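Single-structure report; data block below.
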Amino acid sequence: MARLYSNENLAIDLVEALRKFNHDILSSYDAGQANQGIPDDEVLKYATLNDRCVITFNRDDFVALHRNGVSHAGIIICKDDRDYLRQAQVLHDYLETQDRLHNRLIRVQRQNQPNSSQKLFVIREYLRQMRKIDLPIILDGKPVEKITAFLFHAGGNNDPQKLIANEDKSFQGSVILGLGFTFDDSNINVTSIAEMQRLIEENPRNQECIFPYIGGEEVNSSPTHTHHRYVINFAEMSEEEAREWPDLISIVEDKVKPERAKLNMNTADGRRRASTWWLWGRYTNALFKAIEPLDRVLVSTQISKYRMLTFLPKGYVYDQRLVVFTFDTYSSFTILHSRIHEIWVIFMGASIKDDPIYTPSDCFQTFPFPENWETNRELESIGQEYYEFRAALMIRNNQGLTATYNRFHDPEEDDADILKLRQLHTQMDTAVLAAYG
């Protein structure tokens, strides 16, 4: 089913009608983005970052963004018509036939029928207008017959299919949507870690619902990827169950519930989130189940100039800006951290400014791993050597991933350790290429 993001002007009745067809719709109210005057280009960026197609009534602004060449995960413009059920049915039937909506603009239009009062909704796709110019086609300085959507001289324009082998192995982190759930000494508006420690000392059972919480900043800036925040997690509990931890639910009731009460109660989303104020915005149960057998997971920030991966322990809550891979081997690190995968990500993913966005559905689920990579000793060996050398280097220099890879990619950097890291990276790439044969 389609992954959609409805902006605040889309009728909630249409949202609910599409949800009945099992489409995954995140509303602006769900995401805490409603009633804030957020510009449409930022709405589109947010949806693209979360690998969701925008669905809206706002024709003029989103058509303009599409025509301006902005990269996006899709735009659907619906008709502001109260026959939401029929419109949802037509849209559902269309979406069932589509594999992917990236950089496409779809409009649902009403077509009048002669001598009939019945409404007929039709789907039309609007392509970005290209002016035909009779010039030779040049690619890399050589004349070619065509240039595909992937900037090759041969092949098709269709996106690769998602692979069954890659299902349930990559996830977006958890959407907390409420700072009141966190313990953090760097934010005076939330509960302190000292208070968290006091609550645990007074009642050790409180620790059952408190977890380390880590985001992209800590992963990329700390040499040891050390977290500094914790988060209250009631998972999918009922309010009655959550009240078995009175100290913790009291914090959430004080700091989260009032914010949820400010949501628009005229919408189903607003009412639902306000009524379940003790729960996160979106609980990633599938992620937690997938990593249960593992001791650690691979993670990468969703937006980054360079694709940088590292291992984190199981038992953390990983922020929504992190992509989590359910792997714990060095061979998986070798492949996903290689330039081979990085090039794939640049081709398949979206971007904000010059920074690639890692969308699991496009960048990972379509990525073909080499045969028998899990038992490839060379991949495991070089990955471990690279990872352990880099970990020691970051601690020695007191620099995180961002600082280390800025030096790594600086052509004027000639430090011996950085040169060694580049050499190991080349060895990793060579091992990955050899694994593909």
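Here are the numbers for the structure shown:
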quantity: Helices (runs of 4 or more DSSP H) fully within region 324-367 counting 1 or more residues that are within 21 Å of V175 (Cα to Cα); calculated: 360-363
quantity: Residues satisfying the stated conditions in region 146-176, i.e. out of contact with any Pro (no Cβ under 8 Å at 6 or more places or on another chain), among the aliphatic types (A, V, I, L, M) and modelled with pLDDT of 85 or more; calculated: A154, I164, A165, V175, I176
quantity: Output for region 136-180, where each listed residue is exposed (fewer than 14 other Cβ atoms within 10 Å of the Cβ), within 27 Å of the chain's Cα centre (by Cα) and at positive phi; calculated: L151, D168
quantity: Criterion (closer than 18 Å to A391 by Cα and either outside the structural domain of L44 (by TED's automatic domain parsing) or not aromatic (F, W, Y) (or both)) met by exactly one of T276, T329; calculated: T329
quantity: Selection from region 13-41 of residues that are of a type in the set (A, V, I, L, M, F, W, C), closer than 14 Å to R282 by Cα and touching a Ser or Thr at 6+ places or on another chain (Cβ under 8 Å); calculated: I25, L26
quantity: Any hit, region 6-21, residues being among the hydroxyl-bearing types (S, T, Y), farther than 27 Å from D354 by Cβ and either in contact with a helix residue (DSSP H, G or I) (Cβ under 8 Å, 6 or more places away or on another chain) or not in a strand (DSSP E or B) (or both); calculated: yes
quantity: Failed item, numbered, when Y29 is tested on (1) farther than 27 Å from K353 by Cβ; (2) of a type outside the set (A, V, I, L, M, F, W, C); (3) surrounded by fewer than 19 Cβ atoms within 10 Å (Cβ to Cβ); (4) touching a residue at least 60 places away in the same chain (Cβ under 8 Å); calculated: (3)
quantity: N397 vs. criteria assigned by TED's automatic domain parsing to the domain that holds R339 and over 26 Å from the mean Cα position of the chain (by Cα); calculated: yes
quantity: Looking only at region 63-74, and only at residues there that are surrounded by fewer than 14 Cβ atoms within 10 Å (Cβ to Cβ) and in contact (Cβ under 8 Å) with a residue 12 or more places away in the chain, the one that is nearest to the chain's Cα centre (by Cα); calculated: G69
quantity: Selection from region 231-248 of residues that are outside any loop (DSSP other than H, G, I, E, B) and either surrounded by fewer than 22 Cβ atoms within 10 Å (Cβ to Cβ) or among the small types (G, A, S) (or both); calculated: E239, E240, E241, A242, P246, D247
quantity: Hits in region 156-202 - residues which are over 24 Å from A31 (Cβ atoms), touching a His at 6+ places or on another chain (Cβ under 9 Å) and part of a loop (DSSP other than H, G, I, E, B); calculated: D159, D185
quantity: Residue count, region 409-428 (criterion: touching a residue at least 24 places away in the same chain (Cβ under 8 Å) and farther than 12 Å from L393 by Cα); calculated: 5
quantity: Positions within region 87-121 being modelled with pLDDT under 85 and more than 25 Å from M348 (Cα to Cα), in sequence order; calculated: R110, Q111, N112, Q113, P114, N115, S116, S117, Q118, K119, L120, F121
quantity: Some residue of region 134-145 being over 22 Å from L65 (Cβ atoms), in contact with a strand residue (DSSP E or B) (Cβ under 6 Å, 6 or more places away or on another chain) and modelled with pLDDT of 80 or more; calculated: yes
quantity: Members of region 314-339 found to be more than 18 Å from the chain's Cα centre (by Cα), surrounded by fewer than 18 Cβ atoms within 10 Å (Cβ to Cβ) and in contact (Cβ under 8 Å) with a residue 40 or more places away in the chain, listed by number; calculated: G315, R339
quantity: Residue check for L44: touching a residue at least 60 places away in the same chain (Cβ under 8 Å) and surrounded by 19 or more Cβ atoms within 10 Å (Cβ to Cβ); calculated: no
quantity: Out of L4, L44, sole residue that is at pLDDT 90 or above, under 23 Å from D362 (Cα atoms) and touching an Asp or Glu at 6+ places or on another chain (Cβ under 8 Å); calculated: L4
quantity: Hits in region 49-62 - residues which are in a helix (DSSP H, G or I), modelled with pLDDT under 90 and buried (at least 22 other Cβ atoms within 10 Å of the Cβ); calculated: none
quantity: Output for region 206-230, where each listed residue is part of a helix (DSSP H, G or I) and under 21 Å from V256 (Cβ atoms); calculated: N206, Q207, E208, C209
quantity: Test result for I77, buried (at least 20 other Cβ atoms within 10 Å of the Cβ), among the aliphatic types (A, V, I, L, M), assigned by TED's automatic domain parsing to the domain that holds L120 and without any contact (Cβ under 8 Å) to a residue 60 or more places away in the chain; calculated: yes
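For every residue, the table says whether it meets (1) closer than 17 Å to Y306 by Cβ; (2) part of a helix (DSSP H, G or I); (3) touching a Lys or Arg at 6+ places or on another chain (Cβ under 7 Å).
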{"residue": "I395", "(1), (2), (3)": "no, yes, no"}
{"residue": "Q399", "(1), (2), (3)": "yes, no, no"}
{"residue": "D410", "(1), (2), (3)": "yes, no, no"}
{"residue": "D414", "(1), (2), (3)": "no, no, no"}
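The values are calculated or read from the model by the stated rules, or taken from the named source; none is laboratory data. Just so it is clear, the structure is predicted and the values come from calculations on it, not from any experiment. Here Cβ is always computed from backbone atoms with ideal geometry, including for glycine, and neighbour counts include all displayed protein chains.
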